[in-house]
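A.B. asks: Have a look at the structure that comes next, please.
The values are calculated or read from the model by the stated rules, or taken from the named source; none is laboratory data. Everything quoted here is computed from the prediction, not taken from an experiment. Reconstructed Cβ throughout: ideal geometry from the backbone, glycine too, with neighbour counts over all protein chains shown. Ligands, DNA and RNA are stripped out before the accessible areas are found, and what is left, the full protein with its side chains, is counted by its heavy atoms. Shrake-Rupley method; radii C 1.70, N 1.55, O 1.52, S 1.80 Å.
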Amino acid sequence: MSNTHYLEITTIAGCKVNCSYCPQGLFGLEHKKVSDDRMMSLELFKKCLKTVPTNIDIYFAGYSEPFLNLNIMTMIRHAHEKGHSVSLYSTLVGMTIEHVQQLERLFLDKFSVHLPDDGKYMKVDIDEEFLAVVDAIKNSSILNVNWINYF
């Protein structure tokens, strides 16, 4: 059950979606001062989650596309197993049909899909693979999907 307390997780520094409104460049520069590792490791995620009470929701969002991290599904499952409510905010870049099938077996408090525009603000390749993932989500049993088109 969702509450007003949450921890937003950014799983990768440097996002190929390159949304014009996102401060990814500044975030990347600041992150580089701390670490050369661009991708959050599963081990680091688990270590961080150990200190987070289960009444804190976990939001996979932040300044990057969660599915660009190769461990995203394991992270989502781990947060569930620890008793957290989980929300996911995605442009679907990096997402596969297999990810959709795995998400069907989990409960997401919220799954917000940020739909691409004409390329002015978001750099998303709207190819057959992307459209197949969109169709798979639309035809899935995943609950709480919100389709968002800001532009």
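A.B. asks: Can you tell me the length gained on complete extension of the stretch PHE107 to ASP125, counting 0.36 nm per residue apart and subtracting the Cα distance? Before the final figure, lay out each step's value.
C.D. replies: On the way: separation 18, 0.36 × 18 = 6.48 nm, distance 2.81 nm.
Gain on stretching PHE107 to ASP125: 3.7 nm.
A.B. asks: Here is a follow-up. Roughly how many nanometres apart are two label points built 7 Å out from the Cα toward the Cβ at ILE148 and LEU7?
C.D. replies: 2.2
A.B. asks: Next up: Rounded to the nearest percent, how much of the accessible area of segment 75-151 (1.4 Å probe, protein heavy atoms only) is carbon and sulfur? Intermediate values should be presented prior to the final figure.
C.D. replies: Details: 1970 of 4140 Å².
Percent of accessible area from carbon and sulfur atoms in segment 75-151: 48.
A.B. asks: Mind checking which of TYR150, VAL86, LEU103 is farthest towards the positive end of segment 51-151's charge dipole, using Cβ charges of +1 (Lys, Arg) and -1 (Asp, Glu) about the Cα centre?
C.D. replies: So the residue we want is VAL86.
A.B. asks: Next question. Using a cut-off of 29 Å between alpha-carbon atoms, which lysines can reach LYS50, once sequence neighbours fewer than 8 places away in the same chain are excluded?
C.D. replies: The qualifying lysines are LYS32, LYS33, LYS82, LYS110.
A.B. asks: A further question on this structure: For segment 39-103, what does the accessible surface come to per residue with a 1.4 Å probe? Please give it in Å².
C.D. replies: Details: 2810 Å² over 65 residues.
Ligands and nucleic acids excluded, the result is 43 Å² per residue.
A.B. asks: For the ranges 64-76, 94-106, 122-134, what's the packing order if you count other beta-carbon atoms within 10 Å of each residue, average per peptide, and put the highest first?
C.D. replies: On the way: 64-76: 21.2, 94-106: 16.4, 122-134: 14.5.
Listed from highest to lowest mean packing, they are 64-76, 94-106, 122-134.
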